[in-house]
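Structure first, then comments.
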Amino acid sequence: AEGVNGLEKIILREPRGSSAEVYLYGGHVTSWKNEHGEELLFLSSKSFFKPPKPIRGGIPLCFPQFSNLGPLDSHGFARNKFWSIDIDPPALPTNSSSKAYVDLILKPSEEDMKIWPHSYEFRLRVALGPGGDLMLTSRIRNTNSDGKSFTFTFAYHTYFSVSDISEVRVEGLETLDYLDNLQKRERFTEQGDAITFEGPVDKIYLSTPTKIAILDHEKKRTFVVRKDGLPDAVVWNPWDKKAKAMADFGDDEYKYMLCVEAAAIEKPITLKPGEEWRGRQELSAVPSSYCSGQ
Ligand code: TA6
C-alpha cells in the first residue's frame with residue numbers, strides 16, 4: 001500500500017497469479033484490471049487526488065444523497081471521506097470463493113454530524129472474484145441512539161472505460177421509464193431497442209432489471225452489471241461541452257468513458273435505528289462479438 005496525500009492505496013490481487021487487480025483509495029475503487037492487466041475503469045488524467053475533492057473516475061460512492069436530490073453537496077460526502085480498514089466486520093455470506101477482498105468502514109465524525117445529524121456505520125467490502133469479477137457490497141446501518149430514523153439515496157457511480165462512446169450499446173434498459181436530468185428531470189419512456197450514444201446523456205432509469213450489459217464494439221468486450229438492492233440505474237456521458245467545463249476531466253475524455261450506475265434513487269431508503277440496508281453490485285467483463293447497428 002502506498003499513500004497519496006495520506007490516502008493509503010490498497011491493492012487487491014487475484015491469488016492465483018493472474019494480472020487481475022483492484023486499486024482503492026479509502027472507499028474509492030480507482031482501478032480494476034482484468035487477467036491480462038487491461039484497465040477496465042475510466043480515471044481522468046486530470047483527476048484530483050486531494051480530499052475533500054472527489055476523484056474523477058473509478059467507482060465513487062454516492063451517499064447519503066445522489067446528485068442534488070437534497071441539501072448536501074452533489075453526491076453526498078462518503079466519496080470524499082477517509083475510510084478505515086474494518087478489521088472485525090460482521091460475517092458476510094459471500095457467495096464466491098473470492099480470497100482477495102478488503103473490508104472498509106466509514107463512521108461520521110463530530111464534524112460530519114453537523115452536516116448530516118445521524119450516526120451510521122457504512123461497511124464496504126470490495127472483492128476480486130476468481131474470474132476477475134469485481135464485487136462491491138455496501139452495508140449501511142442506522143446507529144442513532146436518539147431513536148431517529150434516517151433516509152438516504154445511494155449510487156455506485158461507476159465509470160467504465162470504453163474504446164469509443166459512439167460504438168457503445170447498452171442493453172437491458174429498453175422500454176423503461178427514466179427521469180431525464182437534461183430535461184428538468186421529467187419522466188419519459190425509453191425506446192424499444194438498445195441505447196446508443198450521439199450526444200450528452202444523463203438519465204435515471206427506474207425499476208431496472210438486475211442485469212445490464214454495456215457492449216464495446218471495438219474491444220469486442222461486454223461489461224455486465226449485476227445488482228441487488230439497487231432498483232435504479234443512471235446512465236451518464238457529459239459529451240463535449242460539459243467535458244470542457246469540468247476542470248478535472250479532459251476535453252475529449254468523454255469519448256472513452258460511460259457511467260452506468262447501480263442506484264437507489266426513486267424510492268429513498270429509510271432505516272430505523274438498528275436496521276441495516278445492503279446494496280450490492282457485481283461487475284464482469286466478458287468477450288463479446290456484436291455487430292453495431294443490428
Ligand atoms: O450520475 C450523473 C451525475 O449526477 C451527473 O448529473 C453529473 O453531475 C455527474 O453525476 C458527475 O457529478 P460530480 O458531482 O461527480 O461532478
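The values are calculated or read from the model by the stated rules, or taken from the named source; none is laboratory data. Note that the coordinates shown come from a computational prediction; the quantities given were computed from them, not determined experimentally. Cβ coordinates were reconstructed from backbone atoms using ideal geometry, including for glycine residues, and neighbour counts include every protein chain displayed. Side chains are part of the model used for accessible areas, which takes the heavy atoms of the whole protein and leaves out ligands, DNA and RNA. Shrake-Rupley method; radii C 1.70, N 1.55, O 1.52, S 1.80 Å.
Brief remarks on what is shown
- For Gly27, residues with placed amide H under 5 Å, excluding near neighbours: Trp83
- Taking amide H positions as modeled 1.01 Å from N, with prolines and chain starts lacking one, no residue 5 or more places away or on another chain lies under 5 Å from Glu266.
- When you count the other C-beta atoms within 10 angstrom of each residue and take the mean per peptide, 19-25, 35-41, 264-270 line up highest first as 19-25, 264-270, 35-41.
- Annotation for segment 22-59: trypsin sites (Lys or Arg not before Pro) lying in DSSP loop with at most 16 further Cβ atoms inside 10 Å of their Cβ are Lys46.
- Among Ser18, Ser109, Ser119, residue whose mean-square fluctuation peaks in a GNM of the chain (springs only between Cα atoms under 10 Å): Ser109
- CD proxy at 222 nm, helix term only [per DSSP H run n ≥ 4: -39500 (n - 2.57); per residue of the chain; nearest 500]: -1000 deg cm²/dmol
- In terms of its alpha-carbon gyration tensor, segment 127-198 comes out oblate; a/c meets the 1.5 threshold, while b/c is at least as large as a/b.
- Carbon/sulfur fraction of accessible area - the chain, other protein chains in place, 1.4 Å, %: 50
- Rounded accessible area per residue of the chain, 1.4 Å, Å²: 44
- If you take all other residues with their beta carbon under 12 Å from the beta carbon of Glu35, and give Lys and Arg +1 and Asp and Glu -1, the sum is -1.
- Largest GNM mean-square fluctuation among Gly76, Gly27, Gly17, using the chain with Cα springs under 10 Å: Gly17.
- Under 15 Å of direct C-alpha separation, and excluding same-chain neighbours fewer than eight residues apart, Lys241 reaches these aspartates and glutamates: Glu198, Asp202, Asp251, Asp252, Glu253.
- If you sort the three axes of the alpha carbon gyration tensor as a ≥ b ≥ c, you get a/c of 1.5 or more for segment 113-237 and a/b no higher than b/c, which makes it oblate.
- With R₀ fixed at 22 Å, the C-beta to C-beta distance from Ser145 to Leu69 puts the FRET efficiency at about 0.20.
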